[in-house]
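Beneath this line is the structure, given in structure tokens, with notes to follow.
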Amino acid sequence: MLERLFRLHSHGTTVRTEILAGCTTFLTAAYIIFVNPNILAAAGMDAPALTTVTCLVAALATLLIALWANAPLMMAPGMGLNAFFTYSLVIGHNIPWQTALGVVFLSGCVFLLLTWLGVRERMVRAIPTSLRLAAGVGIGLFIAFIGLKNLGLIVHDSNVLVRLGPFTMQALFGLGGLLLAVLLERRRIRGALLIAILATTVAGMLAGLGPWPTGLIALPPSPAPIAFQLDIVSALSIGLWSSIFSFMFIDLFDSLGTMLAVCREAGMVDKQGELINLPRMLTADAIATVCGALLGTSTTTTYIESASGVAQGGRTGLTGVTTALCFLSAAFFSPLIAVVPAFATAPALIVVGIFMLRGIGQLDFYDLSEALPAFLTILLMPLTFSIATGLAFGFVSYVLLRLFSGRARECDPYLIGAALLSAVSLAF
């Protein structure tokens, strides 16, 4: 049955190889089980329910893309997008988390509609490479900034906005976890971030900085406090249009970039070099975001950590099915997950931020017409605590520079439309 469903022989793989690959992907990306509830709980959402929803959404989304597209990919609530949800929308715009979930739902619906209409490829071509790279770099800085804030190393100052915070025991243990994570990553240890989170948590418990778990295994907490609580009507406010677009834009390029990199490595290309089942994979990504918002979490996206499973030999959807089953099993370890403190997950945020900075070397800072929009995008994301603001300034400045330098023809109509939408949103 597995052979008929996943065509293992034609992909040059075995059941054993696929299962090992799926477990490898899970270990590499399992940190999201701790980090996502920690970030979204700051928006006022129920932390135990978030743990269950994170595991459930990751499992269901990964199963969808595994069974429908036969791809060795993993999906879960996206890093950066969850921070955008909490710190930019809920805290920054002072809106209820229910409305923010409505924004995520609408962005998924727009993404799904564009996928069905075949517009997504045109959008990919419309956004200049410099802005795509800058978006990733800016999000990386944003995530790392939040990680340092969670450690207490960056604190508010009424005179100079922010300053260095005190070196508390929590901060020192978090820095130790960061050092451990980097050393493990350098040695290419599987599950490096997960190991660092768990080690920091245990060290904090031994030092009396956190409670010990009340048990090991329990039924998953009910998702009822956050499931189906989204407010779609309030999310239609014109001031939130840019946020809807930002979620959709980031999910599109994040997922597409991951799919291109991982699936090519897995040999999922036809004779023309095009990805096999790409429309199905993108549709699955959009459906996962819509369903994730209904269940109560931020945008779901495809994880680059899927590459670890492919490197282990994963070539089919059986890898994803294995990863999904691991996430479902993890939901029963909620007593352990509940005691993981913010200073233990902060190192993961910082390391993921470092990973996302890698694209900065491909930006041309000698051409100011390319450099200024990229610079504004990168700088304003962490400084304004808003991914949408950074993207908006990037789009608007790019189009204006081309317009006033007589190079308007270089701007795709879709890019001009994005800039106009951004300008309207900034005005409101």
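The values are calculated or read from the model by the stated rules, or taken from the named source; none is laboratory data. Since this is a predicted model, take the numbers as computed values, not measurements. Using ideal geometry, Cβ is built from the backbone for each residue, glycine included, and neighbour counts are taken over all protein chains shown.
Any idea which of (1) part of a loop (DSSP other than H, G, I, E, B); (2) at pLDDT below 95 is the one I226 doesn't satisfy? Here I226 clears every test but (2).
Tell me whether the range 129-138 contains one or more residues that are modelled with pLDDT under 90 and at positive phi. No. On the given criteria, is V103 surrounded by 21 or more Cβ atoms within 10 Å (Cβ to Cβ), in contact with a helix residue (DSSP H, G or I) (Cβ under 9 Å, 6 or more places away or on another chain) and under 27 Å from I354 (Cα atoms)? Considered against the rule, which asks whether it is surrounded by 21 or more Cβ atoms within 10 Å (Cβ to Cβ), in contact with a helix residue (DSSP H, G or I) (Cβ under 9 Å, 6 or more places away or on another chain) and under 27 Å from I354 (Cα atoms), V103 comes out as no.
Could you tell me whether L318 is farther than 26 Å from F173 by Cα, modelled with pLDDT of 90 or more, surrounded by fewer than 23 Cβ atoms within 10 Å (Cβ to Cβ) and not basic (K, R)? Steps first, please.
Details: farther than 26 Å from F173 by Cα: yes; modelled with pLDDT of 90 or more: yes; surrounded by fewer than 23 Cβ atoms within 10 Å (Cβ to Cβ): no; not basic (K, R): yes.
Against the criterion (farther than 26 Å from F173 by Cα, modelled with pLDDT of 90 or more, surrounded by fewer than 23 Cβ atoms within 10 Å (Cβ to Cβ) and not basic (K, R)), L318 does not qualify.
Checking the condition closer than 25 Å to A83 by Cα and at pLDDT below 85, which residue from F343, F355, F333 passes?
On the way: F343 fails: at pLDDT below 85; F333 fails: at pLDDT below 85.
None of the other options fit; the residue is F355.
Residue check: M74 meets all listed conditions (1) crowded, with 24+ Cβ neighbours inside 10 Å; (2) under 16 Å from G296 (Cβ atoms) but one, namely (2).
If you check A388, A371, A330 for being of a type outside the set (D, E, K, R) and over 28 Å from V104 (Cα atoms), only one passes: A371.
Residues are listed down the side, and each one gets a yes or a no for (1) at pLDDT below 90; (2) of a type in the set (S, T, N, Q); (3) assigned to a helix (DSSP H, G or I):
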site	(1), (2), (3)
E18	no, no, yes
F26	no, no, yes
A43	no, no, no
T54	no, yes, yes
V57	no, no, yes
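Restricting to the range 360-376, and then to whatever is touching a Ser or Thr at 6+ places or on another chain (Cβ under 9 Å) and assigned to a loop (DSSP other than H, G, I, E, B), can you tell me which residue is surrounded by the most Cβ atoms within 10 Å (Cβ to Cβ)? Per the stated criteria, the residue is L363.
Cβ-Cβ distances below 6 Å connect the following pairs, each with a first residue in the range 260-288 that is more than 18 Å from T301 (Cα to Cα) and of a type outside the set (A, V, I, L, M, F, W, C), a second residue that is part of a loop (DSSP other than H, G, I, E, B) and at pLDDT 80 or above, and a separation of six or more residues or different chains: D270/I276.
Would you say F393 is surrounded by fewer than 18 Cβ atoms within 10 Å (Cβ to Cβ) and either in contact with an Asp or Glu (Cβ under 6 Å, 6 or more places away or on another chain) or of a type outside the set (D, E) (or both)? Lay out the reasoning, then the answer.
Numbers: surrounded by fewer than 18 Cβ atoms within 10 Å (Cβ to Cβ): no; either in contact with an Asp or Glu (Cβ under 6 Å, 6 or more places away or on another chain) or of a type outside the set (D, E) (or both): yes.
So F393 fails the test.
Against the conditions (1) at positive phi; (2) out of contact with any helix residue (DSSP H, G or I) (no Cβ under 9 Å at 6 or more places or on another chain), P335 satisfies every one except (1).
Whether a residue is buried (at least 22 other Cβ atoms within 10 Å of the Cβ), small (G, A, S), part of a helix (DSSP H, G or I) and in contact (Cβ under 8 Å) with a residue 60 or more places away in the chain was assessed, and G353 passes this test.
What number of residues within the range 285-340 satisfy the criterion of being among the β-branched types (V, I, T) and in contact with a His (Cβ under 7 Å, 6 or more places away or on another chain)?
1
When I232, I195 are screened for being surrounded by 16 or more Cβ atoms within 10 Å (Cβ to Cβ) and out of contact with any Pro (no Cβ under 7 Å at 6 or more places or on another chain), only I195 passes. Condition test on T345, is it out of contact with any Cys (no Cβ under 7 Å at 6 or more places or on another chain), more than 28 Å from V103 (Cα to Cα) and in a helix (DSSP H, G or I)? Considered against the rule, which asks whether it is out of contact with any Cys (no Cβ under 7 Å at 6 or more places or on another chain), more than 28 Å from V103 (Cα to Cα) and in a helix (DSSP H, G or I), T345 comes out as no.
Considering L106, L63, the condition of being closer than 25 Å to S334 by Cα, part of a helix (DSSP H, G or I) and at pLDDT 95 or above is satisfied by L63 alone.
Inside the range 402-428, can you point out the residues that are in a helix (DSSP H, G or I), of a type outside the set (G, A, S) and either in contact with a helix residue (DSSP H, G or I) (Cβ under 7 Å, 6 or more places away or on another chain) or in contact (Cβ under 8 Å) with a residue 12 or more places away in the chain (or both)?
In the first step, residues of the range 402-428 are kept if they are in a helix (DSSP H, G or I); the result is 402-404, 408-410, 413-427.
Subset that is of a type outside the set (G, A, S): 402-404, 409-410, 413-416, 420-421, 424, 426.
Within the range 402-428, R402, E410, P413, Y414, L415, I416, L421, V424, L426 qualify.
Can you spot a residue in the range 169-178 that is touching a helix residue (DSSP H, G or I) at 6+ places or on another chain (Cβ under 7 Å) and modelled with pLDDT under 90? Looking for residues that are touching a helix residue (DSSP H, G or I) at 6+ places or on another chain (Cβ under 7 Å) and modelled with pLDDT under 90, one finds none in the range 169-178, hence no. The residue pairs whose first member lies in the range 193-205 and is more than 11 Å from V340 (Cβ to Cβ), whose second member is not in a helix (DSSP H, G or I), and whose beta carbons are closer than 6 Å, counting only pairs six or more residues apart or on different chains, are L193/Y31. Taken over the range 72-99, residues that are within 16 Å of the chain's Cα centre (by Cα) and part of a helix (DSSP H, G or I) amount to 9.
Kindly indicate the residue of the range 163-179 that is part of a helix (DSSP H, G or I) and surrounded by fewer than 20 Cβ atoms within 10 Å (Cβ to Cβ) and also farthest from the chain's Cα centre (by Cα) among those meeting that condition.
M169
For I244, the conditions (1) crowded, with 23+ Cβ neighbours inside 10 Å; (2) over 24 Å from A348 (Cβ atoms); (3) modelled with pLDDT under 80 are fulfilled apart from (3).
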